[in-house]
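Only one structure is covered here, and it is reproduced in the block below.
The values are calculated or read from the model by the stated rules, or taken from the named source; none is laboratory data. Because the structure is predicted, anything quoted here is derived from the model rather than measured. We place every Cβ from the backbone using ideal geometry, glycine too, and count neighbours over all the protein chains shown.
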């Protein structure tokens with residue numbers, strides 16, 4: 001073959017070979033793309049559904065002037081006690097836990113006793129709060145934090161020295177206890193001084209009461225009768241039996257031993273009220289002992 005033809009043939013082969021390389025390279029791009037794993041979209045995170053808090057269990061109790069219906073067992077923890085007064089007299093409720101080494105019969109033997117003397121029996125039981133001043137036909141509600149143990153529930157109608165005592169057994173809770181209620185006002189009870197309360201409170205106010213003292217105390221809101229004042233209330237309790245009560249209890253925590261808590265909601269008309277601790281005893285050596293109110297445990301409450 002002539003030299004020129006050989007060169008042309010060789011050039012053609014190189015061009016074809018190069019073209020083939022280009023085709024393979026060009027066609028390899030989509031082939032590689034086709035073989036590549038498809039992109040995987042990240043899963044959209046799903047928000048965890050919050051577990052709702054257990055609701056506060058509510059226990060209904062019914063009292064008349066001479067009868068008292070209450071449960072015999074409960075689980076420990078936060079519980080709402082609702083007392084309905086179906087009698088003709090104002091009624092109260094005290095929740096008492098029997099101390100270690102004591103018995104329900106020993107507690108029961110301490111009654112009948114006036115409410116003001118309950119603190120003198122603290123060697124026998126602890127006071128976990130309750131309802132005070134529930135008028136006929138109305139209902140009182142209080143939230144308490146009950147520890148396991150044997151309790152005595154004391155219901156008493158106004159003016160009666162005797163009360164009705166029921167035994168209550170509180171067992172250890174098997175599940176998660178309900179959370180404590182949200183409070184608008186938190187009050188600390190201390191020995192011999194009036195509690196600090198806001199300048200004004202709402203008509204509907206939820207209170208958390210804690211006894212930070214060394215002896216039992218009670219937080220109870222009094223409404224004055226027409227023409228009566230705090231001075232009349234102090235005088236009445238300093239001289240029992242000196243005349244008609246110048247004020248009436250409209251809400252409260254019940255008597256609390258040191259370290260105990262109670263929650264309640266007051267629904268009051270605008271006006272002036274007073275908190276007064278009527279537990280008996282003296283911090284100043286007064287003889288005869290007065291009540292805590294006359295030892296300084298009193299505070300004005302304005303409902304706006």
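Considering 172, 167, 214, the condition of being closer than 20 Å to residue 255 by Cβ and assigned by TED's automatic domain parsing to the domain that holds residue 99 is satisfied by 167 alone. Being within 16 Å of residue 261 (Cβ to Cβ), touching a residue at least 12 places away in the same chain (Cβ under 8 Å) and not assigned by TED's automatic domain parsing to the domain that holds residue 281 is the requirement here; does residue 188 meet it? The answer is no for residue 188.
With respect to residue 255, determine if the residue is under 20 Å from residue 146 (Cα atoms) and either assigned to a strand (DSSP E or B) or not assigned by TED's automatic domain parsing to the domain that holds residue 194 (or both). So residue 255 fits the description; yes. Of the candidates 210, 200, 205, the single residue that is in contact (Cβ under 8 Å) with a residue 24 or more places away in the chain, under 30 Å from the mean Cα position of the chain (by Cα), crowded, with 18+ Cβ neighbours inside 10 Å and over 24 Å from residue 281 (Cα atoms) is 205. For the residues 254, 227, the requirement of being without any contact (Cβ under 8 Å) to a residue 60 or more places away in the chain and either in contact with a helix residue (DSSP H, G or I) (Cβ under 8 Å, 6 or more places away or on another chain) or more than 14 Å from residue 298 (Cα to Cα) (or both) singles out 227. Test residue 302 against the stated conditions and say whether it is in a strand (DSSP E or B) and either surrounded by fewer than 17 Cβ atoms within 10 Å (Cβ to Cβ) or at pLDDT below 90 (or both). The answer is yes for residue 302.
Condition check ((1) assigned to a strand (DSSP E or B); (2) more than 19 Å from the chain's Cα centre (by Cα); (3) surrounded by fewer than 17 Cβ atoms within 10 Å (Cβ to Cβ); (4) at pLDDT below 95) across all residues:
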| residue | (1), (2), (3), (4) |
| --- | --- |
| 162 | no, yes, yes, yes |
| 221 | yes, no, no, no |
| 233 | no, yes, no, yes |
| 241 | no, yes, yes, yes |
